[in-house]
Amino acid sequence: MELATFLIQLLNSVQYGLLLFLISSGLTLVFGIMGIINVAHGSFYMIGAYLAWSLTQTLGNFWAALALAVPIAVIIGLVLEWLVVRFLYTRDLLYQVLLTYGLILMFEELRSILWGDDVRGVNIPAALDASIRLTDTLSYPVYRLAISGVCLVVAGLMYWLIQKTRVGMTIRAGSVNREMVQSLGIDVKLIYRLVFALGVTLAALAGMIAAPVSSVFPGMGNQILIVCFVVVVIGGMGSVKGALVASLLIGLVDTFGKVLHVQIGGVHLLPELASMSVYLLMAAILLWRPEGLFGKHTG
Amino acid sequence: MTEPVAPSLAQPPLIEAAGIHTHYGASHVLHGIDFSIRAGETVALMGRNGMGKSTLIRSMLGLVRPSAGRVMVKGHDMTRAAPHLIARAGVAYVPEGRGIFPNLTVRENLIMAARAGASGQRDWTFDRVMASFPRLAERLSHGGGQLSGGEQQMLTIGRALMTNPDLLILDEATEGLAPLISREIWRIVGTIRQSGIATVLVDKNFAALSTIADRVQILVKGQTVFAASAAQLRAQPEVREAYLGV
(Lines give C-alpha, C1' and ligand atoms only; values in the text may rest on other atoms or scores of the structure.)
Protein backbone atom coordinates (compact mmCIF):
# COMPACT_ATOMS: atom_id res chain seq x y z
CA MET A 1 0.00 0.00 0.00
CA GLU A 2 1.29 3.43 -0.89
CA LEU A 3 1.99 5.90 1.88
CA ALA A 4 -0.66 8.35 0.69
CA THR A 5 -3.30 5.64 0.52
CA PHE A 6 -2.28 4.44 3.94
CA LEU A 7 -2.54 7.96 5.31
CA ILE A 8 -6.00 8.39 3.82
CA GLN A 9 -7.18 5.14 5.34
CA LEU A 10 -5.65 6.10 8.67
CA LEU A 11 -7.49 9.43 8.64
CA ASN A 12 -10.69 7.64 7.67
CA SER A 13 -10.34 5.17 10.48
CA VAL A 14 -9.65 7.90 13.04
CA GLN A 15 -12.64 9.90 11.79
CA TYR A 16 -14.91 6.85 11.96
CA GLY A 17 -13.53 5.91 15.37
CA LEU A 18 -14.06 9.37 16.82
CA LEU A 19 -17.60 9.50 15.45
CA LEU A 20 -18.27 6.14 17.07
CA PHE A 21 -16.94 7.54 20.32
CA LEU A 22 -19.34 10.46 20.13
CA ILE A 23 -22.26 8.05 19.93
CA SER A 24 -21.07 5.32 22.26
CA SER A 25 -19.85 7.65 25.04
CA GLY A 26 -23.49 8.47 25.79
CA LEU A 27 -24.44 4.80 25.76
CA THR A 28 -21.68 3.86 28.18
CA LEU A 29 -22.26 6.92 30.40
CA VAL A 30 -25.96 6.16 30.80
CA PHE A 31 -25.13 2.55 31.61
CA GLY A 32 -22.26 3.40 33.97
CA ILE A 33 -24.13 6.03 35.94
CA MET A 34 -27.77 4.99 35.85
CA GLY A 35 -27.36 1.30 35.09
CA ILE A 36 -29.62 1.59 32.05
CA ILE A 37 -29.11 -0.44 28.88
CA ASN A 38 -30.63 1.77 26.23
CA VAL A 39 -31.05 -0.10 22.96
CA ALA A 40 -32.80 2.95 21.49
CA HIS A 41 -29.54 4.89 21.62
CA GLY A 42 -28.93 4.38 17.89
CA SER A 43 -32.26 6.06 17.17
CA PHE A 44 -30.89 9.34 18.47
CA TYR A 45 -28.14 9.11 15.87
CA MET A 46 -30.81 8.62 13.20
CA ILE A 47 -32.95 11.44 14.60
CA GLY A 48 -29.92 13.72 14.51
CA ALA A 49 -29.23 12.89 10.88
CA TYR A 50 -32.87 13.41 9.84
CA LEU A 51 -33.05 16.66 11.80
CA ALA A 52 -29.95 17.88 9.97
CA TRP A 53 -31.48 16.90 6.64
CA SER A 54 -34.97 18.33 7.18
CA LEU A 55 -33.81 21.53 8.85
CA THR A 56 -31.21 22.12 6.15
CA GLN A 57 -34.04 21.73 3.61
CA THR A 58 -36.24 24.20 5.51
CA LEU A 59 -33.63 26.76 6.51
CA GLY A 60 -31.39 26.36 3.49
CA ASN A 61 -28.29 26.41 5.64
CA PHE A 62 -26.49 23.51 7.35
CA TRP A 63 -25.11 25.62 10.21
CA ALA A 64 -28.51 27.12 11.01
CA ALA A 65 -29.91 23.58 10.96
CA LEU A 66 -27.21 22.46 13.38
CA ALA A 67 -27.85 25.40 15.70
CA LEU A 68 -31.52 24.48 15.89
CA ALA A 69 -31.12 20.70 15.92
CA VAL A 70 -28.83 20.58 18.96
CA PRO A 71 -31.31 22.26 21.33
CA ILE A 72 -34.07 20.06 19.88
CA ALA A 73 -31.96 17.00 20.76
CA VAL A 74 -31.43 18.30 24.31
CA ILE A 75 -35.19 18.74 24.71
CA ILE A 76 -35.89 15.26 23.32
CA GLY A 77 -33.44 13.85 25.87
CA LEU A 78 -34.92 15.73 28.82
CA VAL A 79 -38.51 14.87 27.89
CA LEU A 80 -37.73 11.21 27.21
CA GLU A 81 -36.00 10.82 30.58
CA TRP A 82 -38.93 12.41 32.37
CA LEU A 83 -41.56 10.53 30.38
CA VAL A 84 -40.05 7.06 30.21
CA VAL A 85 -36.50 6.42 31.32
CA ARG A 86 -36.79 7.50 34.98
CA PHE A 87 -39.19 4.63 35.57
CA LEU A 88 -36.49 2.16 34.56
CA TYR A 89 -33.88 2.96 37.23
CA THR A 90 -35.34 0.50 39.69
CA ARG A 91 -36.39 -2.10 37.12
CA ASP A 92 -34.27 -4.95 35.90
CA LEU A 93 -32.59 -5.40 32.58
CA LEU A 94 -35.49 -7.11 30.82
CA TYR A 95 -37.80 -4.11 31.33
CA GLN A 96 -35.07 -1.75 30.16
CA VAL A 97 -34.47 -3.67 26.95
CA LEU A 98 -38.18 -4.20 26.24
CA LEU A 99 -39.07 -0.58 26.78
CA THR A 100 -36.18 0.91 24.88
CA TYR A 101 -36.76 -1.58 22.06
CA GLY A 102 -40.31 -0.29 21.94
CA LEU A 103 -38.86 3.19 21.60
CA ILE A 104 -36.91 2.09 18.51
CA LEU A 105 -40.13 0.94 16.84
CA MET A 106 -41.87 4.17 17.75
CA PHE A 107 -39.02 6.32 16.50
CA GLU A 108 -38.84 4.42 13.20
CA GLU A 109 -42.59 4.85 12.73
CA LEU A 110 -42.44 8.54 13.59
CA ARG A 111 -39.53 8.94 11.18
CA SER A 112 -41.58 7.26 8.46
CA ILE A 113 -44.57 9.55 9.12
CA LEU A 114 -42.57 12.77 9.40
CA TRP A 115 -39.81 12.27 6.88
CA GLY A 116 -40.77 9.29 4.74
CA ASP A 117 -38.82 6.13 3.92
CA ASP A 118 -36.52 7.47 1.20
CA VAL A 119 -32.77 7.71 1.40
CA ARG A 120 -31.78 11.36 1.80
CA GLY A 121 -28.59 13.30 1.39
CA VAL A 122 -27.22 16.44 2.96
CA ASN A 123 -24.75 18.62 1.07
CA ILE A 124 -21.41 19.34 2.62
CA PRO A 125 -21.54 22.96 3.83
CA ALA A 126 -19.83 25.25 1.34
CA ALA A 127 -17.26 26.57 3.81
CA LEU A 128 -15.85 23.09 4.30
CA ASP A 129 -16.42 21.69 0.82
CA ALA A 130 -12.78 21.44 -0.16
CA SER A 131 -10.01 18.89 -0.34
CA ILE A 132 -6.42 18.80 0.76
CA ARG A 133 -4.13 17.48 -1.97
CA LEU A 134 -1.90 14.67 -0.80
CA THR A 135 -0.44 13.54 -4.16
CA ASP A 136 -1.22 14.23 -7.82
CA THR A 137 -4.11 11.80 -7.76
CA LEU A 138 -5.09 11.60 -4.09
CA SER A 139 -6.69 14.20 -1.85
CA TYR A 140 -8.55 14.26 1.45
CA PRO A 141 -11.85 16.07 2.11
CA VAL A 142 -11.68 18.91 4.63
CA TYR A 143 -15.13 18.07 5.95
CA ARG A 144 -13.95 14.70 7.26
CA LEU A 145 -11.12 16.42 9.10
CA ALA A 146 -13.68 18.82 10.55
CA ILE A 147 -15.73 15.86 11.84
CA SER A 148 -12.64 14.55 13.63
CA GLY A 149 -11.98 18.02 15.01
CA VAL A 150 -15.51 18.39 16.39
CA CYS A 151 -15.31 14.94 17.97
CA LEU A 152 -11.98 15.73 19.61
CA VAL A 153 -13.30 19.00 21.01
CA VAL A 154 -16.37 17.23 22.39
CA ALA A 155 -14.20 14.47 23.88
CA GLY A 156 -12.06 17.13 25.55
CA LEU A 157 -15.11 18.90 26.93
CA MET A 158 -16.47 15.61 28.25
CA TYR A 159 -13.19 14.89 30.01
CA TRP A 160 -13.24 18.34 31.56
CA LEU A 161 -16.89 18.02 32.61
CA ILE A 162 -16.52 14.61 34.22
CA GLN A 163 -13.06 14.94 35.74
CA LYS A 164 -12.76 18.60 36.64
CA THR A 165 -16.15 20.03 37.52
CA ARG A 166 -18.33 19.58 40.59
CA VAL A 167 -21.14 18.30 38.41
CA GLY A 168 -18.72 15.69 37.09
CA MET A 169 -17.72 14.68 40.62
CA THR A 170 -21.38 14.32 41.48
CA ILE A 171 -21.95 12.20 38.38
CA ARG A 172 -19.06 9.90 39.30
CA ALA A 173 -20.17 9.75 42.93
CA GLY A 174 -23.72 8.93 41.86
CA SER A 175 -22.49 5.96 39.90
CA VAL A 176 -21.24 4.26 43.08
CA ASN A 177 -23.57 5.50 45.83
CA ARG A 178 -26.73 7.25 44.76
CA GLU A 179 -28.20 7.39 48.25
CA MET A 180 -25.14 9.08 49.73
CA VAL A 181 -25.18 11.74 47.03
CA GLN A 182 -28.80 12.50 47.88
CA SER A 183 -27.98 12.67 51.57
CA LEU A 184 -25.46 15.40 50.80
CA GLY A 185 -28.30 17.53 49.47
CA ILE A 186 -27.82 16.86 45.77
CA ASP A 187 -30.78 16.12 43.52
CA VAL A 188 -29.69 12.86 41.90
CA LYS A 189 -32.80 12.72 39.72
CA LEU A 190 -31.83 16.01 38.13
CA ILE A 191 -28.28 14.77 37.55
CA TYR A 192 -29.65 11.62 35.89
CA ARG A 193 -31.90 13.67 33.65
CA LEU A 194 -29.00 15.84 32.55
CA VAL A 195 -26.73 12.85 31.90
CA PHE A 196 -29.39 11.17 29.80
CA ALA A 197 -29.98 14.34 27.81
CA LEU A 198 -26.22 14.67 27.32
CA GLY A 199 -26.06 11.14 25.90
CA VAL A 200 -28.98 11.79 23.54
CA THR A 201 -27.45 15.06 22.39
CA LEU A 202 -24.04 13.54 21.67
CA ALA A 203 -25.56 10.73 19.60
CA ALA A 204 -27.79 13.17 17.72
CA LEU A 205 -24.85 15.51 17.13
CA ALA A 206 -22.92 12.58 15.66
CA GLY A 207 -25.86 11.93 13.32
CA MET A 208 -25.99 15.58 12.32
CA ILE A 209 -22.32 15.96 11.46
CA ALA A 210 -22.17 12.54 9.80
CA ALA A 211 -25.18 13.30 7.57
CA PRO A 212 -23.18 15.07 4.83
CA VAL A 213 -20.72 12.15 4.44
CA SER A 214 -23.01 9.18 4.96
CA SER A 215 -26.48 9.17 3.53
CA VAL A 216 -29.54 9.59 5.73
CA PHE A 217 -31.64 6.44 5.63
CA PRO A 218 -34.21 4.42 7.60
CA GLY A 219 -32.66 1.99 10.06
CA MET A 220 -29.32 3.82 10.15
CA GLY A 221 -29.64 3.95 13.93
CA ASN A 222 -29.82 0.20 14.34
CA GLN A 223 -26.78 -0.33 12.16
CA ILE A 224 -24.68 2.01 14.26
CA LEU A 225 -26.17 0.73 17.54
CA ILE A 226 -24.65 -2.71 17.08
CA VAL A 227 -21.19 -1.27 16.50
CA CYS A 228 -21.67 1.00 19.52
CA PHE A 229 -22.47 -1.96 21.73
CA VAL A 230 -19.30 -3.63 20.48
CA VAL A 231 -17.42 -0.45 21.47
CA VAL A 232 -18.98 -0.38 24.93
CA VAL A 233 -18.29 -4.07 25.53
CA ILE A 234 -14.68 -3.86 24.35
CA GLY A 235 -14.01 -0.65 26.29
CA GLY A 236 -15.67 -1.94 29.44
CA MET A 237 -19.28 -1.19 30.34
CA GLY A 238 -19.55 2.30 31.80
CA SER A 239 -16.01 3.46 31.00
CA VAL A 240 -15.83 6.62 28.87
CA LYS A 241 -12.06 6.24 28.52
CA GLY A 242 -12.61 2.64 27.42
CA ALA A 243 -15.16 3.81 24.86
CA LEU A 244 -12.60 6.20 23.36
CA VAL A 245 -9.90 3.54 23.06
CA ALA A 246 -12.33 0.92 21.76
CA SER A 247 -13.83 3.33 19.21
CA LEU A 248 -10.43 4.12 17.75
CA LEU A 249 -9.51 0.44 17.73
CA ILE A 250 -12.70 -0.45 15.90
CA GLY A 251 -12.18 2.41 13.49
CA LEU A 252 -8.77 0.99 12.58
CA VAL A 253 -9.83 -2.65 12.37
CA ASP A 254 -12.96 -1.91 10.38
CA THR A 255 -11.30 0.45 7.91
CA PHE A 256 -8.17 -1.58 7.31
CA GLY A 257 -10.10 -4.85 7.39
CA LYS A 258 -11.88 -3.64 4.28
CA VAL A 259 -8.84 -2.47 2.34
CA LEU A 260 -6.14 -4.95 3.23
CA HIS A 261 -6.03 -8.15 1.25
CA VAL A 262 -4.88 -10.61 3.81
CA GLN A 263 -3.33 -13.79 2.52
CA ILE A 264 -2.90 -16.78 4.76
CA GLY A 265 -1.03 -19.75 3.21
CA GLY A 266 -1.73 -18.45 -0.27
CA VAL A 267 -5.50 -18.32 0.40
CA HIS A 268 -7.17 -14.94 0.05
CA LEU A 269 -9.39 -14.26 2.99
CA LEU A 270 -12.72 -13.31 1.48
CA PRO A 271 -13.99 -9.74 1.82
CA GLU A 272 -16.88 -11.23 3.77
CA LEU A 273 -14.43 -11.96 6.54
CA ALA A 274 -13.54 -8.27 6.69
CA SER A 275 -17.05 -7.39 7.81
CA MET A 276 -16.58 -9.81 10.68
CA SER A 277 -13.28 -8.26 11.78
CA VAL A 278 -14.88 -6.03 14.38
CA TYR A 279 -16.64 -8.97 16.02
CA LEU A 280 -13.52 -11.12 15.88
CA LEU A 281 -11.71 -8.29 17.67
CA MET A 282 -14.42 -8.22 20.32
CA ALA A 283 -14.24 -11.98 20.81
CA ALA A 284 -10.45 -11.88 21.14
CA ILE A 285 -10.53 -9.04 23.67
CA LEU A 286 -13.27 -10.68 25.72
CA LEU A 287 -11.28 -13.91 25.91
CA TRP A 288 -8.36 -11.91 27.22
CA ARG A 289 -10.32 -9.49 29.45
CA PRO A 290 -13.93 -10.54 29.99
CA GLU A 291 -14.75 -7.21 31.66
CA GLY A 292 -13.46 -5.20 28.69
CA LEU A 293 -10.31 -3.06 28.45
CA PHE A 294 -11.23 -0.55 31.16
CA GLY A 295 -14.12 -2.38 32.80
CA LYS A 296 -14.48 -3.02 36.50
CA HIS A 297 -13.81 -6.53 37.71
CA THR A 298 -17.07 -8.07 38.71
CA GLY A 299 -15.95 -11.03 40.78
CA MET B 1 -47.81 41.37 77.32
CA THR B 2 -46.33 37.93 77.02
CA GLU B 3 -43.05 36.91 78.60
CA PRO B 4 -40.16 36.56 76.14
CA VAL B 5 -39.40 32.91 75.56
CA ALA B 6 -35.85 31.57 75.44
CA PRO B 7 -34.86 31.29 71.76
CA SER B 8 -33.91 27.61 71.89
CA LEU B 9 -37.39 26.73 73.14
CA ALA B 10 -39.13 29.15 70.79
CA GLN B 11 -37.58 27.43 67.81
CA PRO B 12 -39.13 24.18 66.71
CA PRO B 13 -36.91 21.06 67.09
CA LEU B 14 -34.40 20.39 64.31
CA ILE B 15 -36.05 17.04 63.77
CA GLU B 16 -39.22 15.81 65.37
CA ALA B 17 -40.53 12.40 64.47
CA ALA B 18 -43.88 11.26 65.82
CA GLY B 19 -45.44 7.79 65.73
CA ILE B 20 -43.10 6.40 63.08
CA HIS B 21 -44.02 2.96 61.74
CA THR B 22 -41.75 1.47 59.10
CA HIS B 23 -42.04 -1.79 57.22
CA TYR B 24 -39.47 -3.65 55.16
CA GLY B 25 -41.71 -5.72 52.94
CA ALA B 26 -43.83 -7.79 55.30
CA SER B 27 -41.70 -7.21 58.39
CA HIS B 28 -42.78 -4.45 60.73
CA VAL B 29 -39.54 -2.83 61.92
CA LEU B 30 -40.59 0.32 63.76
CA HIS B 31 -43.68 0.36 65.98
CA GLY B 32 -44.64 3.99 66.49
CA ILE B 33 -41.45 5.74 67.58
CA ASP B 34 -41.16 9.35 68.72
CA PHE B 35 -37.84 11.11 68.46
CA SER B 36 -36.73 14.72 68.62
CA ILE B 37 -33.62 16.81 68.89
CA ARG B 38 -33.20 20.55 69.43
CA ALA B 39 -30.47 22.93 68.32
CA GLY B 40 -27.17 22.29 70.07
CA GLU B 41 -28.28 19.02 71.70
CA THR B 42 -26.46 15.70 71.56
CA VAL B 43 -28.76 12.69 71.62
CA ALA B 44 -27.57 9.09 71.73
CA LEU B 45 -29.80 6.61 69.95
CA MET B 46 -28.93 3.22 71.37
CA GLY B 47 -29.88 -0.42 71.20
CA ARG B 48 -28.49 -3.77 70.17
CA ASN B 49 -28.13 -4.78 66.52
CA GLY B 50 -31.35 -5.06 64.56
CA MET B 51 -33.50 -3.06 67.00
CA GLY B 52 -34.36 -0.40 64.43
CA LYS B 53 -31.84 2.40 65.11
CA SER B 54 -30.65 2.78 61.53
CA THR B 55 -34.17 2.29 60.19
CA LEU B 56 -35.41 5.15 62.36
CA ILE B 57 -32.62 7.39 61.07
CA ARG B 58 -33.29 6.37 57.47
CA SER B 59 -37.03 6.94 57.93
CA MET B 60 -36.37 10.46 59.18
CA LEU B 61 -33.98 11.22 56.33
CA GLY B 62 -36.39 10.20 53.59
CA LEU B 63 -34.25 7.22 52.57
CA VAL B 64 -36.93 4.79 53.72
CA ARG B 65 -40.61 5.59 53.46
CA PRO B 66 -42.37 5.24 56.82
CA SER B 67 -45.79 3.57 56.56
CA ALA B 68 -47.23 5.85 59.24
CA GLY B 69 -46.16 8.80 61.35
CA ARG B 70 -44.82 12.26 60.74
CA VAL B 71 -41.36 13.80 60.38
CA MET B 72 -41.02 17.52 61.00
CA VAL B 73 -37.78 19.30 60.14
CA LYS B 74 -37.53 22.73 61.82
CA GLY B 75 -41.31 22.83 62.00
CA HIS B 76 -41.93 21.86 58.38
CA ASP B 77 -43.62 18.58 57.55
CA MET B 78 -41.06 16.61 55.52
CA THR B 79 -42.47 13.13 56.06
CA ARG B 80 -42.22 12.03 52.46
CA ALA B 81 -39.84 14.67 51.18
CA ALA B 82 -36.94 13.71 48.90
CA PRO B 83 -33.70 12.98 50.80
CA HIS B 84 -31.86 15.88 49.17
CA LEU B 85 -34.47 18.36 50.39
CA ILE B 86 -34.18 17.09 53.97
CA ALA B 87 -30.39 17.38 53.67
CA ARG B 88 -30.75 20.93 52.37
CA ALA B 89 -32.87 21.79 55.39
CA GLY B 90 -29.65 21.37 57.39
CA VAL B 91 -29.37 17.67 58.22
CA ALA B 92 -26.11 15.84 57.44
CA TYR B 93 -25.74 12.09 57.60
CA VAL B 94 -22.74 9.88 58.15
CA PRO B 95 -24.07 6.42 57.42
CA GLU B 96 -23.05 3.11 58.87
CA GLY B 97 -20.25 1.81 56.66
CA ARG B 98 -19.30 5.43 56.01
CA GLY B 99 -20.31 5.82 52.36
CA ILE B 100 -17.24 7.54 50.97
CA PHE B 101 -16.94 7.68 47.19
CA PRO B 102 -13.96 5.38 46.48
CA ASN B 103 -13.68 6.54 42.85
CA LEU B 104 -13.21 10.18 43.90
CA THR B 105 -10.09 11.63 45.51
CA VAL B 106 -10.19 12.89 49.09
CA ARG B 107 -10.28 16.45 47.80
CA GLU B 108 -13.14 15.66 45.39
CA ASN B 109 -15.10 13.86 48.13
CA LEU B 110 -14.98 17.08 50.13
CA ILE B 111 -15.54 19.77 47.52
CA MET B 112 -18.44 17.99 45.79
CA ALA B 113 -20.39 18.37 49.05
CA ALA B 114 -19.51 22.02 49.77
CA ARG B 115 -22.40 24.41 50.19
CA ALA B 116 -23.79 27.04 52.50
CA GLY B 117 -25.98 25.85 55.35
CA ALA B 118 -29.75 26.18 55.59
CA SER B 119 -29.47 29.71 56.96
CA GLY B 120 -26.64 30.67 54.62
CA GLN B 121 -23.83 30.02 57.11
CA ARG B 122 -20.43 29.06 55.75
CA ASP B 123 -18.68 28.20 59.01
CA TRP B 124 -17.13 25.03 57.65
CA THR B 125 -14.87 25.66 54.69
CA PHE B 126 -12.41 23.36 52.97
CA ASP B 127 -9.58 25.00 54.96
CA ARG B 128 -11.33 24.52 58.29
CA VAL B 129 -11.98 20.85 57.53
CA MET B 130 -8.29 20.49 56.63
CA ALA B 131 -7.30 22.10 59.91
CA SER B 132 -9.61 19.78 61.83
CA PHE B 133 -8.44 16.63 60.02
CA PRO B 134 -4.72 17.03 59.37
CA ARG B 135 -4.51 13.37 58.33
CA LEU B 136 -6.81 14.11 55.39
CA ALA B 137 -4.76 17.13 54.37
CA GLU B 138 -1.84 14.78 53.77
CA ARG B 139 -3.90 12.52 51.53
CA LEU B 140 -5.85 14.95 49.36
CA SER B 141 -4.99 13.32 46.07
CA HIS B 142 -5.50 9.75 47.31
CA GLY B 143 -8.54 7.88 46.10
CA GLY B 144 -11.21 7.53 48.77
CA GLY B 145 -10.81 3.76 48.62
CA GLN B 146 -7.10 3.94 49.52
CA LEU B 147 -7.76 5.34 52.99
CA SER B 148 -7.73 3.35 56.22
CA GLY B 149 -11.02 2.83 58.05
CA GLY B 150 -10.32 5.67 60.48
CA GLU B 151 -9.35 8.05 57.70
CA GLN B 152 -12.48 7.11 55.78
CA GLN B 153 -14.57 7.96 58.82
CA MET B 154 -12.80 11.32 59.13
CA LEU B 155 -13.45 11.95 55.45
CA THR B 156 -17.16 11.20 55.81
CA ILE B 157 -17.45 13.47 58.84
CA GLY B 158 -15.45 16.17 57.07
CA ARG B 159 -17.63 15.81 54.00
CA ALA B 160 -20.79 16.13 56.12
CA LEU B 161 -19.38 19.31 57.71
CA MET B 162 -18.77 20.78 54.24
CA THR B 163 -22.57 21.01 53.90
CA ASN B 164 -22.64 23.34 56.95
CA PRO B 165 -25.36 21.39 58.76
CA ASP B 166 -27.32 22.32 61.86
CA LEU B 167 -27.64 18.64 62.73
CA LEU B 168 -25.15 15.84 62.17
CA ILE B 169 -26.32 12.23 62.37
CA LEU B 170 -23.55 9.69 62.91
CA ASP B 171 -24.52 6.05 62.54
CA GLU B 172 -22.04 3.71 64.29
CA ALA B 173 -19.24 6.25 64.02
CA THR B 174 -16.53 4.02 65.48
CA GLU B 175 -17.74 0.61 64.34
CA GLY B 176 -14.78 -1.60 63.45
CA LEU B 177 -12.13 0.99 64.32
CA ALA B 178 -9.15 0.46 66.62
CA PRO B 179 -9.55 1.96 70.14
CA LEU B 180 -7.00 4.69 69.51
CA ILE B 181 -8.74 5.78 66.30
CA SER B 182 -12.13 5.56 68.01
CA ARG B 183 -10.94 7.96 70.71
CA GLU B 184 -9.76 10.36 68.00
CA ILE B 185 -13.18 10.20 66.33
CA TRP B 186 -14.98 10.88 69.62
CA ARG B 187 -12.65 13.80 70.27
CA ILE B 188 -13.63 15.25 66.88
CA VAL B 189 -17.32 14.67 67.58
CA GLY B 190 -16.83 16.56 70.85
CA THR B 191 -15.35 19.51 68.95
CA ILE B 192 -18.20 19.52 66.45
CA ARG B 193 -20.69 19.49 69.29
CA GLN B 194 -18.94 22.44 70.93
CA SER B 195 -19.13 24.38 67.67
CA GLY B 196 -22.89 24.38 68.12
CA ILE B 197 -23.93 21.63 65.70
CA ALA B 198 -26.50 19.26 67.19
CA THR B 199 -25.57 15.58 66.90
CA VAL B 200 -27.42 12.30 66.90
CA LEU B 201 -25.06 9.46 67.79
CA VAL B 202 -26.23 5.97 66.96
CA ASP B 203 -24.28 3.36 68.89
CA LYS B 204 -24.34 0.15 70.90
CA ASN B 205 -21.70 1.13 73.43
CA PHE B 206 -22.71 3.48 76.25
CA ALA B 207 -19.22 3.94 77.72
CA ALA B 208 -18.02 6.06 74.82
CA LEU B 209 -21.19 8.17 74.69
CA SER B 210 -21.91 8.68 78.37
CA THR B 211 -19.87 11.85 78.67
CA ILE B 212 -20.86 13.33 75.29
CA ALA B 213 -24.60 12.75 75.13
CA ASP B 214 -27.17 14.98 76.80
CA ARG B 215 -30.01 12.51 76.35
CA VAL B 216 -30.26 8.82 75.56
CA GLN B 217 -33.05 6.97 73.79
CA ILE B 218 -32.92 3.16 73.70
CA LEU B 219 -34.78 1.07 71.13
CA VAL B 220 -35.76 -2.58 71.55
CA LYS B 221 -37.52 -4.33 68.69
CA GLY B 222 -38.68 -1.11 67.11
CA GLN B 223 -40.02 0.47 70.28
CA THR B 224 -38.61 3.06 72.68
CA VAL B 225 -37.93 1.42 76.04
CA PHE B 226 -35.91 4.19 77.66
CA ALA B 227 -35.67 7.92 77.06
CA ALA B 228 -33.98 10.15 79.63
CA SER B 229 -30.81 12.06 80.37
CA ALA B 230 -27.41 10.40 80.07
CA ALA B 231 -26.93 10.96 83.82
CA GLN B 232 -30.05 8.94 84.55
CA LEU B 233 -28.81 6.07 82.43
CA ARG B 234 -25.44 6.18 84.20
CA ALA B 235 -27.31 5.77 87.48
CA GLN B 236 -29.23 2.72 86.25
CA PRO B 237 -26.82 -0.10 85.43
CA GLU B 238 -29.73 -2.58 85.40
CA VAL B 239 -31.33 -0.71 82.47
CA ARG B 240 -28.05 -0.80 80.57
CA GLU B 241 -27.67 -4.46 81.35
CA ALA B 242 -31.21 -5.26 80.20
CA TYR B 243 -31.25 -3.28 76.96
CA LEU B 244 -27.64 -2.85 75.91
CA GLY B 245 -25.71 -5.69 77.60
CA VAL B 246 -24.28 -8.34 75.35
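The values are calculated or read from the model by the stated rules, or taken from the named source; none is laboratory data. No experiment lies behind these values; they were computed from the predicted model shown. Heads up, the Cβs are rebuilt from the backbone with ideal geometry, glycines too, and the neighbour counts pull from every protein chain shown. Each accessible area value is taken on the protein alone, full model and side chains, heavy atoms only, with ligands, DNA and RNA left out. Shrake-Rupley method; radii C 1.70, N 1.55, O 1.52, S 1.80 Å.
Here the protein assembly as shown carries DSSP beta bridges of which approximately 60% are antiparallel, counting only pairs with both residues inside.
Were the residues from A:VAL167 through A:ALA284 laid out at 0.36 nm apart, the gain over their Cα-Cα distance would be 38.5 nm. Excluding ligands, DNA and RNA, the accessible surface per residue across the protein assembly as shown is 46 Å² with a 1.4 Å probe.
Between B:PHE126 and B:ALA26, the contour length at 0.36 nm per residue exceeds the alpha carbon distance by 31.6 nm. Once C-alpha pairs closer than 8 Å and six or more residues apart are averaged by separation and normalised to the residue number of chain A, the relative contact order reads 35 percent. Going from the chain on its own to the full set of protein chains, region B:90-109 has these residues losing 10 Å² or more of accessible surface (heavy atoms, 1.4 Å probe, no ligands, DNA or RNA): B:TYR93, B:PRO95, B:GLY99, B:PHE101, B:PRO102, B:ASN103, B:LEU104, B:GLU108. With distances taken between every two different alpha-carbon atoms, chain A has a Kirkwood hydrodynamic radius of 20.2 Å. Which angle between 0 and 90 degrees, to the nearest 10, do you get for helix A:220-235 versus the longest principal axis of chain A when only C-alpha atoms count? The two axes meet at around 80 degrees.
Between A:LEU83 and A:VAL213, take the C-beta separation as r, use R0 = 25 Å, and let me know the FRET efficiency to the nearest 0.05. The formula returns an efficiency of 0.15 here. Evaluated at q = 0.15, 0.16 Å⁻¹, a Debye calculation over the C-alpha positions of region A:165-295 (equal weights, vacuum) places log10 I(q)/I(0) at -0.90, -0.98. Across peptide A:164-170, the average count of Cβ atoms from other chains found within 10 Å of a residue's Cβ is 4.
Just the protein heavy atoms count here, and of the accessible area of the protein assembly as shown at 1.4 Å, carbon and sulfur take up 61 percent. Site pair A:LYS258 and B:SER119 shows an inter-label distance of 6.8 nm when each label is modelled 7 Å from Cα along Cα→Cβ.
The angle between the Cα long axis of helix A:93-115 and the main principal axis of chain A comes to about 60°, on a 0 to 90 degree scale. Computed per residue of the protein assembly as shown from DSSP H runs no shorter than four, each worth -39500 (n - 2.57), the mean residue ellipticity at 222 nm is -17000 deg cm²/dmol. Were the residues from A:LEU157 through A:VAL142 laid out at 0.36 nm apart, the gain over their Cα-Cα distance would be 3.1 nm. The mean sequence distance of close C-alpha pairs (under 8 Å, at least 6 residues apart), as a share of the length of chain B, puts its relative contact order at 26 percent. Its Cα centre serving as origin, the protein assembly as shown has a Cβ charge dipole (Lys and Arg +1, Asp and Glu -1) of approximately 920 debye. Heavy atoms of chains B and A lose about 1800 Å² of accessible surface on contact, summed over both sides with a 1.4 Å probe. Principal-axis analysis of the Cα atoms of chain A puts helix A:277-288 at an angle of about 50° to the longest axis. Building the convex hull from the alpha-carbon atoms of the protein assembly as shown and averaging its projection over directions returns 34.7 nm². For region B:12-243, the C-alpha radius of gyration sits at 0.98 times the compact-globule guess of 2.2 N^0.38 Å, with N the residue count.
Annotated for region A:141-299: lysine pairs at least 8 residues apart or interchain, Cα distance under 26 Å, count 6.
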